[in-house]
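See structure below.
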Amino acid sequence: MDISACEHLLTERGTQQTAGTMGTPSGPPRRRCIPWNRLLLAVSLLTFWTPPTTAQLTTETVPPLAAEGSDVLLLAHNVANNPLGYAWYRGERVDNSQLIVSCRVATNLTIKGPAHSGREALYPNGTLLIQNVTQKDTGSYMLLVTKDDLQTERQTGQIHVHPVLPTPVITSNNSKPWEHKDTVVLTCGPETQNTSYMWWISNQSLPKSTRLKLSEDKRTLTVFSVTRKEKGPYVCETRNLVSISRSDPFTLDVLWRVNAQALSVGAITGIVIGVLLVLTLLAVLGCFIFLHSLDLRLHSSQICLFFFPNPGCLHNRGNWPPASTSGRGPSGSSASQASLPDARPPAPIYQELLHPDTDVYCNISHKADAGP
């Protein structure tokens with residue numbers, strides 16, 4: 001009702017009251033002026049005066065997002081006074097094949113329907129409890145309330161069940177990549193639906209780099225031309241609406257050229273040491289052979305000197321005197337018996353080897369010169 005209508009209504013009521021008091025006027029009725037304060041009060045009263053209404057039936061899911069294995073309540077609010085009974089159905093319509101449980105309030109008689117799984121319980125105020133929910137319990141549930149006047153009210157609730165995420169594990173396509181050479185692909189698993197993935201390196205979020213690339217679902221991280229700076233540790237985090245889980249740290253074993261050179265130097269050092277050992281053994285063996293042969297030569301010289309002594313002190317050492325020409329043969333060319341041993345070259349003696357400048361032949365007693 002607008003202000004003009006309200007003013008007209010108040011004016012008309014005031015005219016009627018005046019007429020009833022003073023009688024019927026002889027002339028046409030006259031409108032009275034209504035003060036603004038009275039008019040505003042009338043408008044306020046008409047505006048805020050409304051007939052009482054009954055609160056509508058509602059349902060509430062607690063918790064609104066349930067983790068798999070938890071308990072869920074479907075609370076009934078604003079239930080009519082003294083209801084005749086309650087009934088919960090699976091879905092959004094009344095279907096006896098989808099009846100979970102029903103209850104008659106007067107007798108407290110509870111009837112389990114075909115959709116009852118053994119985990120549901122109905123409270124006297126119409127609230128439904130579902131224990132140990134699974135992802136199969138996700139969906140719509142309808143409450144039907146029968147009032148004492150045989151009228152019914154309906155309200156639908158929703159249950160959302162999400163899995164509890166397992167601990168993720170990071171896998172790599174290359175366990176020992178080479179620096180500035182290999183590309184490494186890190187994968188966070190297992191893959192689950194309605195799950196978001198996040199990566200951390202050295203307890204920090206991934207830096208902005210052209211060598212780091214995430215897949216669209218952020219489940220796979222690619223490191224191009226990996227360096228020692230990207231060794232890690234890496235941590236993968238998975239999230240859904242009811243749980244958060246983090247993987248164990250994963251560190252890349254990056255190989256670089258310094259390691260390869262160290263291995264080469266070590267191998268070369270081993271080879272050099274082996275060669276030096278072999279050369280040392282060969283040198284010792286050669287020295288032993290040389291000394292042994294020298295000892296044999298000394299012994300052979302002494303033997304030759306003992307059996308074939310030189311009859312005189314010769315000035316030309318190393319050469320035997322010429323054979324005697326006074327042979328007893330007719331031709332005079334036969335050698336004497338004393339000259340037969342002279343056919344072999346004399347062997348050096350021990351003294352000559354020790355003192356090569358000493359004429360040792362002069363120190364020998366010439367027994368051969370004495371006659372018989």
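Run the reach check for Lys147 against lysines, Cα to Cα strictly under 21 Å, same-chain hits fewer than 8 apart removed. What comes back?
Lys112
Largest first, please: the extent of the C-alpha atoms of region 186-281 along each principal axis, to the nearest Å.
Principal-axis extents of the Cα atoms in region 186-281, largest first: 77, 26, 20 Å.
List every residue whose amide H lies under 5 Å from the amide H of Gln155, counting only residues 5 or more places away in sequence or on a different chain, with H placed 1.01 Å from N in the peptide plane.
Placed amide hydrogens put Leu143 under 5 Å from Gln155.
Return the sequence-ordered ³J(HN,Hα) values of region 136-151 in whole Hz as given by the Karplus equation 6.51 cos²θ - 1.76 cosθ + 1.60 applied to θ = phi - 60°, using x for Gly and Pro.
For region 136-151, the Karplus curve yields 5, 7, 5, x, 9, 9, 10, 9, 10, 10, 9, 7, 5, 8, 6, 7 Hz.
Read the figures in this text as sums done on the coordinates, not as results from a lab. Only a predicted model underlies this, so the values are computations on that prediction, with no experimental measurement involved.
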